[in-house]
Amino acid sequence: MGIEKCDQSPQSRGMAKLYFYYASMNAGKSTTLLQADFNYRERGMETMLWTAALDDRYDSGTVTSRIGLHANANKFTPETDLWDDVTAEHARRPLACILVDEAQFLSREQVLQLARLADEAKIPVLCYGLRTDFQAELFPGSAALLGIADALIELKAVCHCGRKSTMNMRVDESGRAVTAGEQTEIGGNDRYVAMCRKHFMEAMRR
């Protein structure tokens, strides 16, 4: 991914946008985020990375991709005021872009804060996350982003049948679909399988 869409030249500083890159699991969301971050930093531009504090699959306070790329990140919790924290950092070092991993775990209020950062602080904000949970319900953060983001970009993953994966099926130890439970349960390939809608619905009916 390039950085031309989020160019911070004087001519474009009034055009910062809020982006939502969404996909099923294993579509390369974190990899895409890290590539965007690298592109900015390669040009001497400052970035600020965020990830959900509750995602403890990897080192705390890092954005980590399945292919081994990683970068340090700030951690957000439901209590984090992103407007205050980002504008304070922006005063110390001018930020060219904010990048948020696991954006489905944002609250609606935090999404509104990110929109304000784009609109008022004129800092482009790139959010990456899942659209729906294991029951095909929208996450709160994703619902808010789908409603107000300036740009919605779907990243592609592939189902075992070759179709595009759009759903995230939670599985038990035997690989059977889990149909009930808490919306948030952190896990990787041992707990979730990305599927097309057809095979997701078939698995949920069994």
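The values are calculated or read from the model by the stated rules, or taken from the named source; none is laboratory data. For clarity, every value in this text was computed on a predicted model and none was experimentally measured. Please note: Cβ atoms are built from the backbone with ideal geometry, for glycine as well, and neighbour counts cover all protein chains shown.
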- Task: Answer yes or no as to whether Arg57 is closer than 17 Å to Arg93 by Cα and modelled with pLDDT under 95.
- Result: no
- Among the residues of the stretch 98-111, which ones are at negative phi and crowded, with 16+ Cβ neighbours inside 10 Å? Ile98, Leu99, Val100, Asp101, Ala103, Gln104, Phe105, Leu106, Ser107, Gln110, Val111
- Being at pLDDT 85 or above and of a type outside the set (Ser, Thr, Tyr) narrows Arg191, Arg131, Arg176, Arg170 down to just Arg131
- Scan the stretch 104-134 for residues that are touching a Phe, Trp or Tyr at 6+ places or on another chain (Cβ under 6 Å) and of a type in the set (A, V, I, L, M) and jot them down. Leu126
- Test for Ala96: is it under 28 Å from Lys156 (Cβ atoms), in a helix (DSSP H, G or I), among the hydrophobic types (A, V, I, L, M, F, W, C) and in contact with a strand residue (DSSP E or B) (Cβ under 9 Å, 6 or more places away or on another chain): no
- Can you tell me how many residues in the stretch 107-134 are assigned to a loop (DSSP other than H, G, I, E, B), without any contact (Cβ under 8 Å) to a residue 60 or more places away in the chain and more than 14 Å from Thr87 (Cβ to Cβ)? 3
- Can you name every residue in the stretch 62-76 that is assigned to a loop (DSSP other than H, G, I, E, B) and at pLDDT 75 or above? Ala73
- Note on the structure: Of the residues in the stretch 152-167, those that are out of contact with any helix residue (DSSP H, G or I) (no Cβ under 9 Å at 6 or more places or on another chain), among the small types (Gly, Ala, Ser) and within 10 Å of Ala27 (Cα to Cα) number 1
- Query: So is Lys75 among the basic types (Lys, Arg) and within 18 Å of Ala16 (Cβ to Cβ) or not?
  - Reply: no
- Would a scan of the stretch 142-159 turn up a residue that is surrounded by fewer than 17 Cβ atoms within 10 Å (Cβ to Cβ), assigned to a loop (DSSP other than H, G, I, E, B) and free of Cβ contacts under 8 Å to residues at least 24 places away in the same chain? no
